[in-house]
Each structure stands twice: as C-alpha cells, then as structure tokens.
Amino acid sequence: MIFNEEFETMPREALEAIQLRRLQATAARVYNTVPFYRRRFEEAGVSPDSIRTLADLQRLPFTTKADLRDNYPFGMFAVPMDSVTRIHASSGTTGKPTVVGYTARDVQTWAELMARSLMAAGARKDDIVHNAYGYGLFTGGLGVHYGAERLGASVIPISGGNTRRQVMIMKDFGPTILTCTPSYALHLAEVAHEMGVSFQELKFKAGIFGAEPWSETMRREIERTLNLKAMDIYGLSEVMGPGVAVECIEAQNGLHLFEDHFIAEIIHPKTGAPQPYGTPGELVFTSITKEAFPVIRYRTRDLSVLHPEPCRCGRTLARMGRIQGRSDDMLIIRGVNVFPSQIESVIMESGRFEPHYQLVVDRIGTLDQLTVRVEVNEAMFSDAIKNLQSIERELERTIRETLGVTTRVKLVEPKGIQRSEGKAVRVIDNRKL
Ligand code: DLL
C-alpha cells in the first residue's frame with residue numbers, strides 16, 4: 001500500500017480519536033447552519049457539546065430519505081450556494097430525486113477517497129481506466145473520473161451505452177481497469193463475444209463494480225468471462241457517491257470503510273437499536289468531513305454487517321459485508337422473506353443459466369406470486385425446448401428447498417431479458433401499479 005497508509009493502517013484507538021474530533025466539529029456545524037438539524041437536535045434534547053465520546057453519537061437523531069425529500073432541493077445544505085461547486089442527484093423510483101451538493105473541498109475529498117478506492121482495488125498511476133459508469137447527475141461517472149485523475153491514471157470517460165463502440169475502444173486503447181455496474185460488465189462481455197472480441201486478448205487486470213447488488217457467484221462468473229479480478233465498490237449519493245467503501249485486491253473479502261471520513265453503524269431495521277459487530281442489519285452513516293451536505297446518522301436501508309478485524313492487506317479499517325439487499329427490496333412471498341440477491345445465488349449456483357434474470361411479483365387474489373424469469377443460452381434453448389418445463393420445475397424445486405419460497409420459474413429465450421447500461425432493474429413489482 002502506498003496511498004494514505006497513515007489513515008488506512010492506524011491503530012483503532014488513534015482512528016477513533018480522529019473520528020471523535022471530526023464528529024464534534026460536524027455536529028456543531030450542522031446545528032449552527034442547517035435549521036432541520038437544529039430542530040431535530042432540540043427535539044431529541046441534545047446539543048453538539050453533549051457529544052463527548054463516540055458512543056454519544058447514538059444520542060443524535062436519525063436522518064431519513066423522507067427528511068431529504070421534505071427539504072428538496074437545497075434545504076439540507078450547510079453552506080451558502082456561492083460555496084457549492086457541484087450538484088448531483090439520485091433518481092428515486094418515485095417522484096423527486098434526492099439532491100446533494102459539494103464544495104470545492106468536498107470534490108477534492110471525494111477525489112482523494114476514490115483514488116484510495118481505485119488504489120485498494122489494484123489501480124496505479126500507469127493504468128488506463130475504462131470508466132463506463134454513467135456521467136451526469138448520477139455520481140458514478142464523475143466520482144470515478146476525478147478519483148482516477150487524482151491517482152494519476154489515464155481515464156477514458158466513455159460513460160454508459162453505445163456498447164459496440166465501447167468494445168472497439170477497449171480493443172484499441174488497451175484499458176487495464178474496468179469500472180461499471182456488474183450487470184453492464186456482463187453485457188459488455190456479451191457484446192464483445194458477438195463482435196468476435198475475446199476478453200482473453202484484452203488487457204484488463206481488475207474491474208471495480210458497484211452501484212447495484214450482486215452476489216459472490218456473480219463475481220465468479222464475471223471474473224471468468226471477463227478474465228479479470230472483480231472488486232466490489234459501495235457508496236451512495238446522500239453520503240458522497242462511490243468510494244465510501246471498497247474491497248482490496250489482496251483479500252476480496254469485505255469492503256474497507258473509509259472511517260476517517262464516515263462513521264458507520266449497523267442498526268436493527270425495525271427497532272433502530274444498535275447492533276454489535278458481526279450482526280447483520282441496516283447501515284447508517286454519519287459523514288464527518290463533508291462541508292456542503294453533511295449527514296447525521298443517515299439510514300441507508302442497505303443491509304450489511306460490519307467486521308472490525310484487520311485485513312490481511314494491512315488495513316485496519318472496519319470492513320462491511322457485501323450488501324445483502326435493501327430493507328425496502330425485501331419480497332415477502334406468502335410470508336417468506338426473500339431478497340433478490342438470494343434468488344440470484346441459487347440461479348447462478350446451478351451453473352446452467354445465463355446471468356440475466358428478472359423477478360416479477362404479482363398479486364393473484366390475495367396471494368403474492370413471484371415469477372422468476374431466467375435466460376438460457378442458444379444451445380440450451382434449441383436443445384431443451386422439449387424439456388424446458390422439466391428444467392423450470394427443477395429450478396422451482398431448488399429455490400424452494402434452498403430459500404423456502406415458492407416461485408414460478410419461466411425460462412426465457414436468449415436476449416429475452418432486457419440489458420441495462422447502468423443499474424439493472426431486477427424486480428418488477430406489479431403490486432405497486
Ligand atoms: O450508486 C454510487 C455508486 C456509484 C456506488 C458507482 C458504486 C459505484 P446512488 O445512485 O445514490 O449512488 O445509489 C446508492 O445503490 O444505497 C445501494 O442500495 C446501491 N449500491 C451502491 N453500491 C452498491 C454495491 C451510487 N456495491 C444505492 N452493492 C445504495 C450493492 C449498492 N448495492
């Protein structure tokens with residue numbers, strides 16, 4: 001490790017001392033500059049100087065997506081607009097997006113954290129980064145872009161889409177690092193294959209994939225088809241964008257959280273009670289260095305788990321487990337709770353299907369029905385047309401035996417599932433219509 005070793009490998013007590021100092025400064029700043037936080041602190045009977053230890057963080061109130069929406073668009077900003085140099089937004093599934101702002105220093109901090117992320121995932125200044133995250137209001141494109149520049153690497157700002165052209169550029173420019181969503185990585189591989197381009201002849205050594213849930217089996221599939229090492233990267237606009245946590249190339253086992261900038265907690269998604277290390281629950285973040293848009297105990301709805309043990313790469317930063325799903329993504333099918341990522345694992349484990357699937361939820365009378373649409377390859381489709389049904393029943397049985405949930409499996413012809421250029425749409429919930 002050569003980048004910011006100081007923060008990434010320091011003893012936890014030293015790191016926690018920095019966190020406390022930064023937390024106290026952030027709490028004082030939001031109290032004095034954001035009317036929403038002052039009101040919330042007062043309602044909870046806390047003032048910034050009542051924060052004496054890191055444990056006092058738990059006395060501060062949570063912030064939710066609804067709070068951000070109520071203050072749309074700029075009501076949560078902690079600096080005047082003339083200090084804001086960048087605005088991003090995350091598209092909500094319903095209604096208005098969530099709007100976030102950055103000062104010039106925030107943009108620098110973000111670039112630094114993204115440079116550290118790329119570094120942890122194996123990128124160096126002599127690398128060429130093919131950045132196929134979307135540029136625009138989405139934080140993926142520009143987030144990775146600034147980080148790659150900060151690292152000193154060469155960045156190809158290709159953005160998402162126009163996939164055949166991307167393949168040509170990958171072939172001609174010889175990029176060594178691929179950054180995009182995991183679903184788009186698979187689509188790139190598919191189009192490359194159609195064009196007669198093999199990833200074996202491309203120069204990629206690592207891919208840094210995130211912005212949507214994916215499973216360990218999907219990682220293996222991506223590593224095999226794209227002939228690279230695949231690392232998971234996590235972040236969200238409300239907290240910064242990509243670069244909140246990332247896997248290291250050495251261990252590929254959990255995402256290192258940049259705790260010198262963010263304090264992470266795990267809480268019980270229903271009761272809000274803090275959970276100890278090792279117990280899964282909802283991730284909550286407090287930003288401790290942001291100027292324009294600090295967040296206090298922001299409830300992400302993302303489900304994960306935290307581990308404090310140092311990693312074999314040398315980092316002492318806590319690690320979060322791969323995101324298991326979102327608490328609002330959980331499907332309850334006839335009383336059984338199931339996350340899309342669990343179904344993905346079962347589909348991929350069998351090794352027979354393409355890594356393209358979609359879950360459709362309908363209400364039939366008073367009962368919810370889950371249809372799992374899974375794509376098969378050309379060979380299987382022509383070959384299996386006769387016994388398609390028995391394959392469907394078999395997968396239904398495996399899903400039922402593994403997850404305890406009854407589904408209907410529908411095999412789909414090659415290319416039958418729509419490809420995404422950004423975040424894949426895995427769940428179609430017709431109950432909400
Ligand atoms: O998706 C930021 C990002 C860009 C992360 C590029 C990684 C790479 P939003 O659009 O605000 O920001 O969406 C944030 O996406 O709350 C998670 O539910 C989901 N998400 C992000 N990264 C992962 C991941 C960006 N590695 C929301 N695994 C988050 C699973 C992820 N889900």
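The values are calculated or read from the model by the stated rules, or taken from the named source; none is laboratory data. Everything numeric in this text was worked out from a predicted model, so none of it was measured. Positions of Cβ are backbone-derived with ideal geometry, glycine not excepted, and every protein chain shown enters the neighbour counts.
Do we find a residue being more than 19 Å from Y234 (Cα to Cα), acidic (D, E) and outside the structural domain of A251 (by TED's automatic domain parsing) anywhere in the stretch 297-310? The answer is no, given that none of the residues of the stretch 297-310 is more than 19 Å from Y234 (Cα to Cα), acidic (D, E) and outside the structural domain of A251 (by TED's automatic domain parsing). Of all residues in the stretch 317-340, those satisfying the criterion of being out of contact with any helix residue (DSSP H, G or I) (no Cβ under 9 Å at 6 or more places or on another chain), small (G, A, S) and either in contact (Cβ under 8 Å) with a residue 60 or more places away in the chain or closer than 22 Å to I267 by Cβ (or both) are G321, S327.
Checking R124, R116 one by one, the residue that is in a helix (DSSP H, G or I), outside the structural domain of S420 (by TED's automatic domain parsing) and modelled with pLDDT of 95 or more is R116 and no other.
Can you confirm whether the stretch 239-247 contains a residue that is within 20 Å of the chain's Cα centre (by Cα), in a loop (DSSP other than H, G, I, E, B) and within 12 Å of the ligand (Cβ to nearest atom)? Yes, some residue in the stretch 239-247 is within 20 Å of the chain's Cα centre (by Cα), in a loop (DSSP other than H, G, I, E, B) and within 12 Å of the ligand (Cβ to nearest atom). In the set (1) away from the ligand (no atom under 11 Å from the Cβ); (2) in a helix (DSSP H, G or I); (3) buried (at least 19 other Cβ atoms within 10 Å of the Cβ), V155 fails one condition alone, (2). Just one of the listed residues (Q342, Q369) is in contact with a strand residue (DSSP E or B) (Cβ under 9 Å, 6 or more places away or on another chain) and either within 16 Å of the ligand (Cβ to nearest atom) or assigned by TED's automatic domain parsing to the domain that holds Y184 (or both), namely Q342.
For I296, are the conditions met, namely being farther than 21 Å from A211 by Cβ and of a type in the set (V, I, T)? Here the answer is yes, as I296 does meet what is asked.
The set of residues from the stretch 174-202 being in contact (Cβ under 8 Å) with a residue 40 or more places away in the chain and either surrounded by fewer than 21 Cβ atoms within 10 Å (Cβ to Cβ) or not in a strand (DSSP E or B) (or both) comprises G174, P175, T176, T181, P182, S183, Y184, A185, L186, H187, L188, E190.
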